[in-house]
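Enquirer: Dropping a structure here in structure tokens format, bear with me for questions.
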Amino acid sequence: MLFRSRSIRLCNYESAPGYALPGPGALFDPISEAYGKSLAAGVSTLDSFLYGTYKKIDPQCYFLMLTGTNWASHGYVVNGNYPYPSWQVLQMRNRYASGDMVATTTNGTPTSSIPAWINSTNNAQLAPAQPNMPLVATYAFRDGAKWSVFVVSRKLTNSTPVTLRLPFNTIGSGTLHKLTGDPRARNDQGVFNIQETQEPVTGFSQNYTFSMP
């Protein structure tokens, strides 16, 4: 396809948790939706949007802001109107990070190999196999003197020790935002939250070590 004198950029028109939606010939599946509205799916959504930014996909749009079932952002008002995990976790990018994304390098992370994704209907390969996929991802943004660093765990079980090697020796202040709750849990009743703590300056150095749940 040839475009003449056109400026083209990639965007993400509709992005949401990936789970089966009901439709003609496909009944509503509460188990599939429970997976799609779990904290783990929320972390995956954040991971996907950050990776999209890394690949210079802009803008990226969430589908859709609505109360109810399926790809909605919030539960029904009568149930407390809690944000579903994918919407709530994605807000960490919009609320806490600004500026331009900067390059990071992830070393020595545990890995897992993902088989090819095959369409069971026509046996077509929808995505190739991904060997040795890292189970910890890092993304960083810089806005003047402010740095925002995301560390994302793609592991469902066991903790992972992490050491961040930061490009500075001292900072003025540090705020840690951490997701709390069972990764399998969904947020119909506000069962998890974003925990915010002020980290003492002495707790940061060029090598900052912690355990990733």
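Enquirer: Over the stretch 63-213, what percent of the accessible surface lies on carbon and sulfur atoms, probe 1.4 Å? Don't skip to the answer; put the middle values down first.
Expert: Details: 4900 of 9470 Å².
Carbon plus sulfur share of accessible area: 52 percent.
Enquirer: Given a 1.4 Å probe and the protein chains all in place, what does the accessible area of Arg93 round to, in Å² to the nearest 10?
Expert: Accessible area of Arg93: about 50 Å².
Enquirer: Calculate how large, on average over all directions, the projected area of the Cα convex hull of the chain is; give the answer in nm² to one decimal. Present the calculation step by step, with values, prior to reporting the outcome.
Expert: Numbers: hull surface 62.9 nm².
Approximately 15.7 nm², given one-decimal rounding.
Enquirer: Still on this structure, I have one more. Taking H as built 1.01 Å from N, whose amide H comes closer than 5 Å to the amide H of Met133, not counting residues under 5 places away?
Expert: Residues meeting the amide H criterion: Ser112, Ser113, Ile114.
Enquirer: Same structure, new question: Place a point 7 Å from the Cα of Ser120 along the Cα-to-Cβ direction; which residues of the stretch 21-41 have their backbone N under 19 Å from it?
Expert: Answer for the stretch 21-41: 21-36.
Enquirer: So, with +1 on the Cβ of K and R and -1 on the Cβ of D and E, and no other charges, what is the size of the charge dipole of the stretch 82-213 about its Cα centre, to the nearest 20 debye?
Expert: Working: 10 positive and 6 negative charges, 24 e Å.
Roughly 120 debye for the stretch 82-213.
Enquirer: Next question. Compute the helix-to-body angle for 85-96: its Cα long axis versus the longest principal axis of the chain, expressed 0 to 90° and rounded to tens.
Expert: The angle comes out near 40 degrees.
Enquirer: Considering the dipole of the chain built from charges on the beta carbon (Lys and Arg +1, Asp and Glu -1) around the Cα centre, which of Asn158, Ala16, Asn132 is farthest to its positive end?
Expert: Of the listed residues, the answer is Asn132.
Enquirer: Any chance you could count the Lys pairs in the chain whose alpha carbons are under 19 Å apart, treating pairs 8 or more apart or on different chains as valid? Mind dumping the intermediate values first?
Expert: Details: Lys37/Lys155; Lys37/Lys178; Lys146/Lys178; Lys155/Lys178.
Total qualifying Lys-Lys pairs in the chain comes to 4.
Enquirer: Measuring with a 1.4 Å probe in the full set of protein chains, what accessible area per residue, in whole Å², belongs to the chain? Before the final figure, lay out the partial values.
Expert: Numbers: 13910 Å² over 213 residues.
On a per-residue basis, the chain sits at 65 Å².
Enquirer: Then there is this: Divide by every residue of the chain the summed helix terms, -39500 (n - 2.57) for each DSSP H run of at least 4, and state the resulting mean residue ellipticity at 222 nm, rounded to the nearest 500 deg cm²/dmol. Spell out each step's value before the answer.
Expert: Values: 3 runs with 35 residues, N = 213.
Theoretical 222 nm ellipticity from helices: -5000 deg cm²/dmol.
Enquirer: Next up: Please state, rounded to one decimal and in Å, the Kirkwood hydrodynamic radius that the stretch 122-161 gives when every pair of distinct Cα atoms enters the mean of 1/r. Kindly include the intermediate steps, with their values, before the conclusion.
Expert: Working: mean 1/r = 0.0739 Å⁻¹.
When all Cα pairs of the stretch 122-161 are included, the Kirkwood radius is 13.5 Å.
Enquirer: Here's something else I'd like to know. Roughly how tilted is helix 39-54, in degrees to the nearest 10 and between 0 and 90, from the longest Cα axis of the chain?
Expert: The two axes meet at around 70 degrees.
Enquirer: How would the stretch 1-125 be classified by its alpha-carbon gyration tensor: rounded, prolate or oblate, with rounded meaning a/c under 1.5 and the a/b versus b/c comparison settling the rest? Please report the intermediate quantities before stating the final value.
Expert: On the way: a/c = 1.40, a/b = 1.21, b/c = 1.16.
The shape class here is rounded.
Enquirer: Sort Leu156, Leu90 from largest to smallest accessible area, using a 1.4 Å probe on the heavy atoms of the protein chains. All intermediate terms of the calculation are to be shown ahead of the outcome.
Expert: Working: Leu156 90, Leu90 15 Å².
The ranking, largest first, comes out as Leu156, Leu90.
The values are calculated or read from the model by the stated rules, or taken from the named source; none is laboratory data. A quick note: this is a predicted structure, and the numbers were derived from the prediction, not measured. Every residue, glycine as well, gets a Cβ built from its backbone with ideal geometry; the counts of neighbours run over all protein chains shown. All accessible areas refer to the heavy atoms of the entire protein, side chains included, with ligands and DNA or RNA removed. Shrake-Rupley method; radii C 1.70, N 1.55, O 1.52, S 1.80 Å.
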